[in-house]
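Right, one structure below, let's go through it.
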Amino acid sequence: GFASECYYIPEGVETIGNGAFHTCILIEEIVLPSSLRTIQSQAFWSLQNMKAIHLNEGLQSIADNCFVYSNKLETITIPSTVTNIAYGAFTEMSGLKEAIVLGGISTLNRYTFENDTALERVYLPASLTSIGSGVFGNCTALTDICYAGSEEDWANVTINTASYAGSRPVVIDTCNIHYNVPIEAYQSLTFENDN
């Protein structure tokens with residue numbers, strides 16, 4: 001029943017607890033403080049009308065299933081200070097079109113973006129060393145991965161495809177991989193009519 005369209009979390013808050021905003025379906029925007037360090041499990045589960053949230057530098061950890069079913073959020077930027085993204089953090093977000101993961105993260109844990117069927121493009125940092133099972137499972141619209149590292153670096157990233165069988169295609173093998181893309185260049189790119 002919480003009816004405010006925008007919720008401001010006050011400065012000084014360091015942790016958003018488990019399920020803190022679970023199914024607050026009327027919230028359209030959340031403003032996070034620069035003091036925030038941890039987002040716990042299912043904190044923003046099923047915010048079906050949330051269109052904007054800005055994850056600030058200083059955030060370090062995003063727990064499992066944080067943004068599941070937040071279907072109107074079209075883009076997410078994960079700041080460079082984040083060193084841990086737990087499994088399924090951004091799964092089942094049917095409106096998510098773009099995910100930008102800045103430097104700092106070494107592992108995308110299993111099912112990070114699974115079933116994000118509108119996801120078209122992803123930016124990944126050179127710090128990435130492994131991609132867990134099902135990270136891009138059933139991301140059928142994914143066409144472009146822009147990677148900050150070199151082609152040689154990408155070849156050294158461990159990609160676990162164990163749970164891509166059957167109806168979950170190995171889309172990472174069929175999309176365009178763009179190497180040596182600094183974030184500044186990525187932000188100026190357009191992908192219109194890119195087949």
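The values are calculated or read from the model by the stated rules, or taken from the named source; none is laboratory data. In this text the structure is predicted, and so the values were computed from the model without any measurement. No Cβ is skipped: glycine too gets one built from the backbone with ideal geometry, and neighbour counts run over all protein chains shown. These area figures cover heavy atoms from the full protein model, side chains too; ligands, DNA and RNA do not enter into them. Shrake-Rupley method; radii C 1.70, N 1.55, O 1.52, S 1.80 Å.
Only residues in the range 137-157 that are in contact (Cβ under 8 Å) with a residue 12 or more places away in the chain and closer than 30 Å to Gly95 by Cα count as the first member; pair them with residues that are part of a loop (DSSP other than H, G, I, E, B) and among the basic types (Lys, Arg), Cβ under 7 angstrom, at least 6 apart or cross-chain, and list the lot.
Gly137/Arg168; Asn138/Arg168
Of the numbered conditions (1) under 25 Å from Pro182 (Cβ atoms); (2) touching an Asp or Glu at 6+ places or on another chain (Cβ under 6 Å); (3) open to solvent by 30 Å² or more (accessible area, probe 1.4 Å); (4) not polar (S, T, N, Q), Pro79 satisfies every one except a single condition; which is it?
(3)
How do the pairs read when you match residues in the range 4-30 that are free of Cβ contacts under 8 Å to residues at least 40 places away in the same chain with residues anywhere that are of a type in the set (A, V, I, L, M, F, W, C) and not in a loop (DSSP other than H, G, I, E, B), using Cβ under 6 Å and keeping only pairs 6 or more apart or on different chains?
Tyr7/Ile30; Tyr8/Val31; Ile16/Ile39; Glu29/Cys6; Glu29/Ala52; Ile30/Ile53
Which residues, counting only those in the range 40-76, are among the hydroxyl-bearing types (Ser, Thr, Tyr) and in a loop (DSSP other than H, G, I, E, B)?
Those that are among the hydroxyl-bearing types (Ser, Thr, Tyr) and in a loop (DSSP other than H, G, I, E, B): Ser41, Ser46, Tyr69, Ser70.
With respect to Ile159, determine if the residue is aliphatic (A, V, I, L, M) and open to solvent by 50 Å² or more (accessible area, probe 1.4 Å).
Yes, satisfied.
For the range 11-39, how many residues are outside any strand (DSSP E or B), open to solvent by 30 Å² or more (accessible area, probe 1.4 Å) and among the β-branched types (Val, Ile, Thr)?
3
For the range 77-96, enumerate the residues that are part of a loop (DSSP other than H, G, I, E, B) and in contact with a strand residue (DSSP E or B) (Cβ under 6 Å, 6 or more places away or on another chain).
Residues satisfying the conditions are Pro79, Thr81, Val82, Ala89.
Condition test on Thr91, is it open to solvent by 10 Å² or more (accessible area, probe 1.4 Å), among the β-branched types (Val, Ile, Thr) and either without any contact (Cβ under 8 Å) to a residue 40 or more places away in the chain or over 22 Å from Leu32 (Cβ atoms) (or both)? Give the steps one after another, and end with the answer.
Working: open to solvent by 10 Å² or more (accessible area, probe 1.4 Å): yes; among the β-branched types (Val, Ile, Thr): yes; either without any contact (Cβ under 8 Å) to a residue 40 or more places away in the chain or over 22 Å from Leu32 (Cβ atoms) (or both): yes.
Spelling it out, Thr91 is indeed open to solvent by 10 Å² or more (accessible area, probe 1.4 Å), among the β-branched types (Val, Ile, Thr) and either without any contact (Cβ under 8 Å) to a residue 40 or more places away in the chain or over 22 Å from Leu32 (Cβ atoms) (or both).
Pairs under 6 Å by beta carbon, first residue more than 18 Å from Tyr147 (Cβ to Cβ) in the range 106-131, partner among the hydroxyl-bearing types (Ser, Thr, Tyr) and crowded, with 20+ Cβ neighbours inside 10 Å, six or more apart or different chains?
From the range 106-131, the pairs are Tyr111/Thr91; Glu114/Thr91; Asn115/Thr91.
Does the range 128-145 contain at least one residue that is modelled with pLDDT of 90 or more and either closer than 21 Å to Ile53 by Cα or of a type in the set (D, E, K, R) (or both)?
Yes, there is a match, as at least one residue in the range 128-145 is modelled with pLDDT of 90 or more and either closer than 21 Å to Ile53 by Cα or of a type in the set (D, E, K, R) (or both).
Out of all the residues in the range 116-140, which are in contact with a strand residue (DSSP E or B) (Cβ under 9 Å, 6 or more places away or on another chain), open to solvent by less than 30 Å² (accessible area, probe 1.4 Å) and over 19 Å from Ala86 (Cβ atoms)?
Passing the criteria: only Tyr123.
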